[in-house]
1. I need the phi-derived Karplus couplings for the stretch 65-71: 6.51 cos²θ - 1.76 cosθ + 1.60, θ = phi - 60°, integer Hz, Gly and Pro marked x.
2. Taking each pair of distinct Cα atoms in the stretch 3-60 once, what is the resulting Kirkwood hydrodynamic radius in Å?
3. Starting from the Cα of LYS38, draw a straight line to each of the lysines and keep only those under 18 Å, dropping any in the same chain fewer than 8 residues away.
4. Using helices alone, I'd like the mean residue ellipticity at 222 nm for the chain: each DSSP H run of four-plus residues gives -39500 (n - 2.57), total over residue count, nearest 500.
5. With the contact rule set at Cα under 8 Å and sequence spacing of 6 or more, what percent relative contact order holds for the stretch 3-60?
6. Please report SER10, SER80 as a ranked list, fewest other C-beta atoms within 10 angstrom at the top and most at the bottom.
7. Using θ = phi - 60° and the Karplus relation 6.51 cos²θ - 1.76 cosθ + 1.60, list the HN-Hα couplings for the stretch 10-27 in order, rounded to whole Hz, with x at every Gly or Pro.
8. Non-local amide H neighbours of TYR31 (under 5 Å, H modeled in plane, Pro and chain starts lacking H): which ones?
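Please treat every number below as a calculation from the coordinates, not as lab data. Computed from a predicted model, the values in this text were never measured in an experiment. Cβ: placed from backbone, ideal geometry, glycine included. Neighbour counts: every protein chain shown.
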Amino acid sequence: IELSKRNRDSFDYIDLEYGQYEEDFRICSAYRINPETKQLEFSYPDPNATEPQEPVYQKPLTEQLKETQQAVAELTLLLSTMTGGM
């Protein structure tokens, strides 16, 4: 209700699909919108930490996993072409 009273150009927002980052929200200890990049960032608990720690924000682990999987696929293809498909 409060935002409906404001001019749409006076605030910013991001759109998320239903269920987007569901796993990240489930396991994170904190999240934020980076004001510089306007991207969602998460902080995840350190399972080895013995004391509470300051949050370290990073891009969602689900995105990092996708990027890593893509890089592995590209390297596998490159290696395959370099070795003649052996």
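1. Computed from phi, the couplings for the stretch 65-71 are 5, 4, 5, 5, 4, 5, 5 Hz.
2. This gives a value of 13.4 Å.
3. LYS59
4. Dividing the helical sum by the residues of the chain leaves -10500 deg cm²/dmol.
5. The value is 27 percent.
6. In order of increasing Cβ crowding within 10 Å: SER10, SER80.
7. Ordered by residue, 3J(HN,Hα) equals 8, 8, 10, 7, 10, 9, 10, 6, 4, x, 4, 6, 4, 5, 4, 5, 5, 9 Hz.
8. SER43
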